[in-house]
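Data first, discussion second: the structure below is written as structure tokens.
Read-outs throughout are calculated quantities, based only on the coordinates presented, and are distinct from any laboratory measurement. Just so we're clear, the structure is a prediction, and the values are computed from it rather than from any experiment. Don't worry about glycine lacking a Cβ; one is built from the backbone with ideal geometry, like all the others, and counts go over all protein chains shown.
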Amino acid sequence: MEDAEAAFRELVAGRGDALARTAFLLTGDWAKAEDLVQSALATTWAHWRSLREPGAAEAYTRRCMARLATSWWRRKWRGEVPTAELPDLTGRSPYDDVDVARVVTAALAQLSPKQRTVVVLRYFDDLTETDTAAAIGCAVGTVKSVHAAAIARLRALDCWDDVLPEGAGR
């Protein structure tokens, strides 16, 4: 049990920031991203003993995040109500000082939830088509077609060159 606990703590400490970044790109909101990471890590810990190898824990956590984010999108009520006054910020984005962050976030917001998930996993987490398909639980062909539609949508935006990495989808 102590080995499992140590391995889990290592996952959280070593990859927590990367998981949070992915969650932010999936949700577009830091508060929701923190909730998403926490929920995915809780699920990972609950299933820790069933993991074949501890090295697969990060991939399992990312898959949990993708599935949770998808289930949250499907909810009719999003849990937030617009108000006249903006609430205090809960945290600081590591991208606050980078102008490109606004462009990326705005571009990702133009995509459907599935397209956004595929783009985030493929370009920001650098997963292969096969790994992306496994993470979201669909066929590789589905990832390819969703990816193509997402790239076409991003091309239609004026910020194409600012959003995707060099050579992506061209």
Review point. So what are the ³J(HN,Hα) numbers for segment 108-122, from phi and the Karplus equation (6.51, -1.76, 1.60; θ = phi - 60°), rounded to whole Hz, Gly and Pro as x?
Key: 5, 5, 7, 8, 5, x, 5, 4, 4, 4, 5, 5, 4, 5, 6
Check your understanding: Packing-wise, with mean Cβ within 10 Å as the measure, how do 47-56, 12-21 rank, highest first?
Key -> 12-21, 47-56
Review point. Short version: ³J(HN,Hα) in whole Hz for each residue of segment 38-54, in order, from phi by Karplus 6.51 cos²θ - 1.76 cosθ + 1.60 (θ = phi - 60°), x for Gly and Pro, what are they?
Key: 4, 5, 5, 5, 5, 5, 4, 5, 5, 10, 4, 5, 7, 5, 5, 8, x
